[in-house]
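Structure, as structure tokens:
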Amino acid sequence: MLFAGPELGPLLSTFVNWGFMMALLFNLVSYSEVKYRPRSPLWLCLTINLSYFATSVVEMDYYKYPFWASADLLTLVALFFVQGRRVKIPALYYCAVGLVLNAMLHIVMHLDIVIQGNREPWWLWSLYSIGINLNDALMIIVLVVNRDFLGLCRAGRLLKTVFQRHAHG
């Protein structure tokens with residue numbers, strides 16, 4: 001099994017927080033260049049940093065998964081609020097997908113461990129550990145490069161076109 005145990009969890013959390021802080025510093029420097037400001041993910045980065053830092057200092061045992069899921073969904077709402085009428089950039093969509101996936105993984109873990117009472121590690125726990133950390137890493141990367149490197153935005157535009165054509169007959 002590849003799940004992150006109680007000894008590895010805090011280290012991964014610290015590393016993820018550090019990654020988001022480095023992305024924030026990078027965007028602060030990039031924001032000083034006026035031509036990059038309209039498409040800068042600075043405000044998204046700041047919002048995610050505040051959220052991840054706030055949730056990392058709260059100690060919880062029993063209801064930590066619903067707490068983290070709620071924090072991810074609240075952060076998602078905050079991202080769209082912060083972005084407002086600004087240009088919608090790839091970083092917004094990638095972070096939105098990452099936060100939704102993270103929230104879903106948190107809820108599933110809560111159902112497995114707290115509701116079902118499962119104490120034996122199984123593949124879901126490995127999926128959770130890998131999924132959460134992979135999503136966080138992808139969000140850190142996209143906050144730095146702000147590019148559609150996985151084709152998520154392109155796939156979204158394609159789906160939108162297909163649904164619009166289907167709706168109009």
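The values are calculated or read from the model by the stated rules, or taken from the named source; none is laboratory data. This one's a predicted model, so the numbers in the text were calculated from it and none came from an experiment. We place every Cβ from the backbone using ideal geometry, glycine too, and count neighbours over all the protein chains shown. Side chains included, ligands, DNA and RNA excluded: accessible areas come from the protein's heavy atoms. Shrake-Rupley method; radii C 1.70, N 1.55, O 1.52, S 1.80 Å.
Side notes on the structure shown:
- Hits in the stretch 118-133 - residues which are part of a helix (DSSP H, G or I) and surrounded by 14 or more Cβ atoms within 10 Å (Cβ to Cβ): L124, W125, S126, L127, Y128, S129, I130, G131, I132, N133
- Pair list, Cβ < 7 Å and 6+ apart or interchain, from the stretch 87-104 residues that are assigned to a helix (DSSP H, G or I) to residues that are among the acidic types (D, E): P90/D148; L99/D72; N102/D72; A103/D72
Rundown of residues vs (1) within 25 Å of L92 (Cβ to Cβ); (2) in contact with a Cys (Cβ under 9 Å, 6 or more places away or on another chain); (3) at pLDDT 95 or above, yes/no style:
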{"residue": "L111", "(1), (2), (3)": "no, no, yes"}
{"residue": "N118", "(1), (2), (3)": "no, no, no"}
{"residue": "P121", "(1), (2), (3)": "no, no, no"}
{"residue": "S126", "(1), (2), (3)": "no, no, no"}
{"residue": "L134", "(1), (2), (3)": "yes, no, yes"}
{"residue": "L152", "(1), (2), (3)": "yes, no, no"}
{"residue": "A155", "(1), (2), (3)": "yes, no, no"}
{"residue": "L158", "(1), (2), (3)": "yes, no, no"}
{"residue": "G169", "(1), (2), (3)": "no, no, no"}
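So that you can scan it fast, the table gives a plain yes or no per residue for (1) open to solvent by 20 Å² or more (accessible area, probe 1.4 Å); (2) on the phi > 0 side of the Ramachandran plot; (3) of a type in the set (S, T, N, Q):
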{"residue": "D72", "(1), (2), (3)": "no, no, no"}
{"residue": "T75", "(1), (2), (3)": "no, no, yes"}
{"residue": "V142", "(1), (2), (3)": "no, no, no"}
{"residue": "F149", "(1), (2), (3)": "yes, no, no"}
{"residue": "G156", "(1), (2), (3)": "yes, no, no"}
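- Residues of the stretch 77-107 satisfying the condition of being out of contact with any Leu (no Cβ under 7 Å at 6 or more places or on another chain) and among the aliphatic types (A, V, I, L, M): V77, A78, V87, I89, L101, M104, L105, I107
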